[in-house]
Amino acid sequence: MRIVDMKEFYITTAIDYANGAPHLGHAYEKVLADTIVRFKRMEGISSHFLTGLDEHGQKVQQNAQKMGVSPQECCDQVAELFQGLCKELNISNDDYIRTTQPRHIKIVQELLQKLYDSGDIYKADYNGYYSVRQEQFVQDKDRNPDGTWPELFGEVIEITESNYFFRLAKHQDWLRQYLEEHPGFIYPEHRQKNVIEFLKEPISDLCISRPKERLSWGIELPFDTNFVTYVWFDALTNYYSASLEKGCWPADIHVIGKDILVPPHAVYWPIMLHACGLELPKMILAHGWWLSRGAKVSKTKTAADDNAPKEKTAIELMREYGVDVFRYYVMRNMSVGEDSDYAEELFMISQRQLANDLGNMVNRTLNMITKYCGGVVPSVVVEEELESKLKETWEHAKTQYFGLAKTFQFNMALQELWVFVAGLNRYINDRAPWKLAKSEDVKDRARLETSLAFSAEGLRLAAVALAPVMPTIAEKIQTLFGLPVAANVFAGNLDWSAVLAGKSVAAGAKLFPRPETVDSVPQKK
Ligand code: MSP
């Protein structure tokens with residue numbers, strides 16, 4: 001095990017709005033960040049993983065009113081739901097920030113005060129149109145050609161009010177230059193180009209206050225108690241405020257969805273940090289959307305809309321089939337940065353891939369070791385040449401797999417690993433140990449033992465490699481082959497070895513059971 005002596009690798013997800021229940025989009029983002037951080041830990045890099053809840057703002061205040069509870073009570077209920085989901089998804093976050101926590105409020109106010117003192121925040125009168133739904137001012141250029149407001153803004157009202165503004169425009173040229181000089185700051189690359197384009201047009205200063213009479217559910221401005229802080233200024237600061245106890249700022253990766261890249265994460269946040277004299281995060285990774293029938297999966301739309309035949313939501317399927325199947329499904333079916341369609345049928349295909357290729361191979365190997373070798377993994381007796389060939393195949397798969405994972409191409413990494421698993425399946429079919437078992441020839445006996453030792457080792461390696469994506473299954477497989485429960489998953493265990501020789505195995509376990517109720521789903525490969 002190698003613990004690198006350096007600042008902890010610090011990774012965050014977006015903090016979810018506390019105004020609705022979690023859905024596939026939220027779940028995916030957490031699994032993605034969790035997979036990245038587990039790969040890091042596997043390399044021996046000590047890490048800090050933050051996720052959390054965005055609790056202030058108009059929508060939460062309105063929701064609470066509708067529910068007849070206080071905004072804080074409403075947030076507490078939602079926090080329970082989201083934290084429960086993290087547990088179910090086996091998310092290894094080290095911290096969970098809620099923006100109503102004192103540790104956060106204190107830092108938001110400190111940053112505001114600092115910017116106010118340095119002249120980066122000023123007060124001005126503002127007359128304009130305000131979208132209640134989006135909680136932002138809108139401009140004439142945002143109107144539809146017929147003069148109406150696009151539906152996404154909901155009710156738009158004209159207001160005049162005094163507010164506080166943050167000097168974004170002043171830092172625009174700095175940001176553009178920073179982005180030009182730091183390729184790779186935003187992943188995928190084409191999005192960084194979009195931001196640079198966006199910054200070629202003048203940007204306006206950002207209104208960072210809301211008068212209390214309109215919105216009370218927020219963090220009070222330290223220099224004017226008649227106002228609360230605009231929710232994005234508050235929310236973005238979470239990454240920094242939560243890092244302070246650990247001293248792990250700057251973040252290495254902010255994992256977010258593409259909808260909140262421009263302007264919040266790619267423009268407001270870097271400028272806020274720069275104006276405060278703080279370091280910028282190393283990278284912003286913007287993933288795409290999960291779509292259902294072409295529309296973004298969101299809390300307002302369920303798969304049961306449009307009078308469609310009732311389909312299970314991804315979260316329901318996760319509960320039925322188990323979390324590892326779900327994690328495998330989202331990582332295998334989404335190319336990070338692009339959109340992907342969620343469909344129950346695709347979920348079933350993933351389930352079958354796991355059951356047929358991996359689960360089946362594990363079961364067959366365990367059963368044969370039990371039947372022919374007294375339940376103890378045999379040692380390699382013959383076929384050194386074959387062993388070095390297998391070693392080579394593994395080394396190739398390993399290099400591909402980890403190389404692709406490093407560049408966030410998890411779907412392709414998993415495909416590579418599947419080529420290896422498929423190779424193991426082919427190998428055992430060709431070898432047919434069940435036939436060798438019938439032979440009286442001692443050479444055949446040696447071949448039988450060797451083939452089972454090879455299969456077991458191949459499966460152990462695949463399991464260790466899969467641990468960041470499917471942590472429970474990886475551990476289960478290793479345990480079935482007789483390794484201690486906390487069989488560790490460090491990169492050092494990824495070399496072809498004889499570590500399993502002499503270990504007692506457990507047979508008969510079903511790794512990917514299919515719930516009875518869904519047996520009727522059509523088979524498709
Ligand atoms: N509260 C803000 C983020 C503040 S971060 C300082 C927010 N919350 S959200 O609940 O609407 O979204 C949380 C995350 O889930 C975002 O990164 C968003 O992109 C992601 N997703 C929400 N729906 C999604 C899909 N359908 N697909 C994939 N991810 C999407 O925005």
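Full extension of the segment from MET67 to LYS310, taken as 0.36 nm per residue of separation minus the current Cα-Cα distance, would add 84.7 nm.
Straight Cα distances below 13 angstrom link LYS443 to the aspartates and glutamates GLU383, with same-chain residues fewer than 8 positions distant left out.
If you take the Cα centroid of region 181-205 and the Cα centroid of region 246-273, the two points sit 13 Å apart. Cα centroid separation, region 393-446 to region 107-160: 58 Å.
For ARG98, the residues 5 or more places off, or on other chains, whose built amide H falls under 5 Å of its own are LEU53. Backbone amide hydrogens, once placed in the peptide plane, bring HIS287 within less than 5 Å of ILE256, GLY257, LYS258, excluding anything fewer than 5 places away on its chain.
Relative contact order of region 1-139: what whole-number percent is it, with Cα pairs under 8 angstrom and at least 6 residues apart?
Numbers: 152 pairs, mean separation 35.7, N = 139.
About 26 percent, as a whole number.
If you line up the long axis of helix 410-431 against the longest principal axis of the chain, both from Cα atoms, how many degrees apart are they, to the nearest 10? Once rounded, the angle reads 10 degrees. Using θ = phi - 60° in the Karplus curve 6.51 cos²θ - 1.76 cosθ + 1.60, the 3J(HN,Hα) couplings for region 83-94 round to 5, x, 5, 4, 5, 4, 7, 6, 7, 9, 5, 8 Hz; x is entered for Gly and Pro. Solvent-accessible surface (1.4 Å probe) assigned to LYS123 amounts to roughly 110 Å². Only helices enter the 222 nm calculation for the chain: every DSSP H run of n ≥ 4 contributes -39,500 (n - 2.57), and dividing by all residues gives -13500 deg cm²/dmol, rounded to 500. Of the residues MET318, VAL108, GLN77, the one whose Cα sits farthest towards the positive end of the charge dipole of the chain is MET318 (charges of +1 on Lys and Arg Cβ, -1 on Asp and Glu Cβ, taken about the Cα centre).
With a/c under 1.5 counting as rounded, go ahead and sort region 57-216 into rounded, prolate or oblate using the C-alpha gyration tensor (a ≥ b ≥ c being the square roots of the eigenvalues; past the cut-off, prolate if a/b is larger than b/c, else oblate). Rounded is the answer for region 57-216, as its axis ratio a/c remains below 1.5.
Can you tell me the alpha carbon radius of gyration of region 8-287 divided by the globular rule-of-thumb value 2.2 N^0.38 Å? Walk me through the intermediate numbers first.
On the way: Rg = 18.6 Å, N = 280, 2.2 N^0.38 = 18.7 Å.
Against the compact-globule rule of thumb, the ratio is 0.99.
Listed values for region 63-69 are Karplus-derived 3J(HN,Hα) couplings in whole Hz (6.51 cos²θ - 1.76 cosθ + 1.60, θ = phi - 60°), namely 4, 4, 4, 4, 7, x, 10, and x replaces Gly and Pro.
If you stretched the chain out fully between LYS193 and ILE157, how much longer would it get, using 0.36 nm times the residue separation minus the C-alpha to C-alpha distance?
Working: separation 36, 0.36 × 36 = 12.96 nm, distance 3.42 nm.
Answer, rounded to one decimal: 9.5 nm.
Surface exposure of region 178-279, expressed per residue as accessible area with a 1.4 Å probe, stands at 38 Å².
Once backbone amide H atoms are built at 1.01 Å from N, GLY322 has no partners under 5 Å, excluding neighbours fewer than 5 places away on the same chain. The charge dipole of region 103-146, taken about the Cα centre with unit charges on the Cβ atoms of Lys, Arg (+1) and Asp, Glu (-1), comes to about 240 debye, rounded to the nearest 20. Straight Cα distances below 19 angstrom link LYS389 to the lysines LYS398, with same-chain residues fewer than 8 positions distant left out.
Would you mind classifying region 355-502 by shape? Square roots of the alpha carbon gyration tensor eigenvalues, ordered a ≥ b ≥ c; an a/c under 1.5 is rounded, otherwise it is prolate if a/b is larger than b/c and oblate if not. The shape class here is prolate.
Here's the picture: charge each Lys and Arg Cβ at +1 and each Asp and Glu Cβ at -1 in the chain, and of HIS265, ALA124, SER92 the one pushed furthest to the positive end of that dipole is SER92.
Note on exposure: THR450, THR407 ranked by accessible area (1.4 Å probe, complete protein assembly) read THR407, THR450, with the most exposed listed first.
Hey, what did the chain get for relative contact order, percent, Cα under 8 Å, at least 6 apart? Relative CO of the chain lands at 15 percent. Counting pairs of alpha carbon atoms under 8 Å apart in space and at least six apart in sequence, what relative contact order in percent does region 8-287 give? Reported relative contact order: 22 percent.
Here is the link list: LYS30/LYS391; LYS371/LYS435; LYS246/LYS476. Which ones come out longer than 24 Å on Cα distance?
Working: LYS30/LYS391 34 Å; LYS371/LYS435 13 Å; LYS246/LYS476 32 Å.
The pairs that break the limit, which is 24 Å between Cα atoms, are LYS30/LYS391; LYS246/LYS476.
Counting Lys and Arg as +1 and Asp and Glu as -1, each charge on the Cβ, what is the dipole of the chain about the Cα centre in debye, to the nearest 20? Can you show the working numbers first?
Values: 59 positive and 70 negative charges, 315 e Å.
Computed charge dipole of the chain: roughly 1520 debye.
When only the Cβ of Lys, Arg, Asp and Glu is charged (+1, +1, -1, -1), the dipole of region 357-516 relative to its Cα centre reaches about 420 debye. Based on protein heavy atoms only, region 36-129 ends up with 43 Å² per residue of surface accessible to a 1.4 Å probe.
Return the percentage of antiparallel bridges among DSSP beta bridges fully within region 8-287, rounded to the nearest 5 %.
Details: 21 of 41 bridges.
Expressed as a percentage, antiparallel bridges in region 8-287 total about 50.
Average projected area of the Cα convex hull of the chain, in nm²?
Values: hull surface 110.9 nm².
Average projection, Cα convex hull of the chain: 27.7 nm².
Seen against the Cα atoms of the chain and their longest principal axis, helix 344-353 is set at about 30 degrees. Note on LYS212: lysines with a C-alpha under 17 Å away, same-chain residues under 8 apart excluded, are LYS59, LYS123.
The values are calculated or read from the model by the stated rules, or taken from the named source; none is laboratory data. Predicted, not measured: the structure shown is a model, and the values here were computed from it. Ideal geometry is used to build each Cβ from the backbone, glycine not excepted, and the neighbour counts take in all protein chains shown. We work out accessible area using only protein heavy atoms, side chains counted, and drop any ligands, DNA or RNA first. Shrake-Rupley method; radii C 1.70, N 1.55, O 1.52, S 1.80 Å.
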